[in-house]
Amino acid sequence: MWELGAGGLLVLLPAQLSQNLARRGWLGWAGLALVVASPIALRGTTAFPGALALLPVTGAVLLIAGGSARGRYGPARLMSARPLVFLGGISYSLYLWHWPVIDLWSAWQGKQPGPLSGPALVAVSLLLAWLTKVLVEDRVRLSPLLTGHGWRSVSTALAVVVPVAMVSVYIAGGPGQWNGKLGPGYPGAAALAHSVPGITPEPVLPPLSDLHAAVPEYWQQGCLDDVRTSEPKECVYGDTANPRLKVALVGDSVAGNWFPAIDEIALQQHWELITDLHGDCAWTATMMIDQSTGDANTACYEWGAAVLHDLLTTIQPDVVLTSDLPGTGSVAYPQPGPRANADIGSGMARYWTQLEDHGISVVPIQETPVMGFNIPDCVAEHGASSQDCEVPAAKDHTRPAHPRRRARHEQRSHGDRHEPVHLRPGRMSSGRRKCPGLLRRPPLDQHVLQNADALPQAATAFSVENKRHRRRIRAAANRGRTRRSARCYRAIRRSR
């Protein structure tokens, strides 16, 4: 902004001083020389804007101050030539147009302008600038509605400036890019200059390894089915050599939020962990609605039926852990709400009942809390320990009328009393009844964020690592009437 301010200061000079400068024709020539030298002296590797911006700015100020007709032997006659007057008239429009034209062309062609395309882009920019001046700028500036009416001109200017100022304030208030210190080994754009020899390669900041580690393994290996996929994709983790227990993790991406904790437990307790996860698809026998099209989500329905078939025939796990967070309606009740949730929950109960009829215990896990705002942005702006990123547990957006509650009710009505495993917010936040935006994962003390709508998968107090959770899983296994359920119960007892 200081570049524009330099021209404003020139206008505010006392009249006597301005007249004296105008008579110094040599100032105009000096300014013109600086302006012409600027594109030659400045390069893409130059740190700009900065102190070097004084070169073109000073040249423009001197040219305006001493380039008038009053300046003896000044450049007034040259600057009054019709081509230069035309170029000056469209200069601001040309300033606005030239860079988008060059940038769009470079993106389209995948290369920088050359000796043929460069002049063509200049011609296109000149044409667009002239059309903008004639059809937009002049029509507004010389409009009879504005000329001769000071208050109308001011009102129009405010109507244009105020929205721009509001947008600028909004953008400035948003979280910025990574602003860590690079150090002397990171020269930035100067690395492209020939005058910076012997640059030693340094690691990328922030480290890519940290970003890669934040992505769960099942994501890295493509083990979350796409929303349009109907074929299940099983991936195997944990102890595959001598497993004591075979556990299946089934559901949508919310079930995947628990994968890092469950995978760690599987390795510690010698479980074979099999994942069958599908993006944006709750595991239910109810036909749901595709949010993007409004039609029946046949891909999700076929995937769920195929997963049930595989669990009963080929996988045959001891325990199925399942969690999900459907945010859509069903074919019978397209509008999301209590009735749609009850319909989806009934479909969940039908799948669970079929598994238990075959001696496979089902442990539904309460979904990770939905905070109602973007967790990574909040943590980046306020810090990992800030209370601004906490939400009272009572305001968990997943609590009311979840389909899992309907499924649990139907299980109870059939004589089963399976309780979902709860990761209680009070325990997660050191006794406070709030859900924190970020958890520390003992003993690794790593911060892991999954997505904007879920807490990190960082609680090793989950499931069998917590006595209360172990009692629930043990009760679920003990209710089974097959040897598989009995083996599950014994394995859990050995893990104590």
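The values are calculated or read from the model by the stated rules, or taken from the named source; none is laboratory data. Since we're looking at a predicted model, the values are computed, not measured. FYI the Cβ positions are ideal-geometry reconstructions off the backbone, even for glycines, and counts take in every protein chain you see.
Here are some notes:
- Residue-level analysis places A266 outside the set of residues that are part of a loop (DSSP other than H, G, I, E, B), hydrophobic (A, V, I, L, M, F, W, C), more than 27 Å from the chain's Cα centre (by Cα) and more than 13 Å from D324 (Cβ to Cβ).
- Y73 satisfies every condition listed in (1) modelled with pLDDT under 90; (2) of a type in the set (F, W, Y); (3) in a helix (DSSP H, G or I) except (3).
- Restricting segment 220-244 to residues that are touching a residue at least 60 places away in the same chain (Cβ under 8 Å) and under 21 Å from Y351 (Cα atoms), the residue that is surrounded by the most Cβ atoms within 10 Å (Cβ to Cβ): D225
- Some residue of segment 21-28 being in a loop (DSSP other than H, G, I, E, B) and at pLDDT below 85: yes
- Subset tally (residues that are part of a helix (DSSP H, G or I), in contact with a Lys or Arg (Cβ under 9 Å, 6 or more places away or on another chain) and among the aliphatic types (A, V, I, L, M)) for segment 76-93: 1
- Applying the condition of being assigned to a helix (DSSP H, G or I) and among the small types (G, A, S) to segment 107-134 and asking which residue is modelled with the lowest pLDDT yields A107.
- Helices (runs of 4 or more DSSP H) completely within segment 135-250 that count 3 or more residues being under 30 Å from W303 (Cβ atoms), over 27 Å from the mean Cα position of the chain (by Cα) and modelled with pLDDT under 70: none
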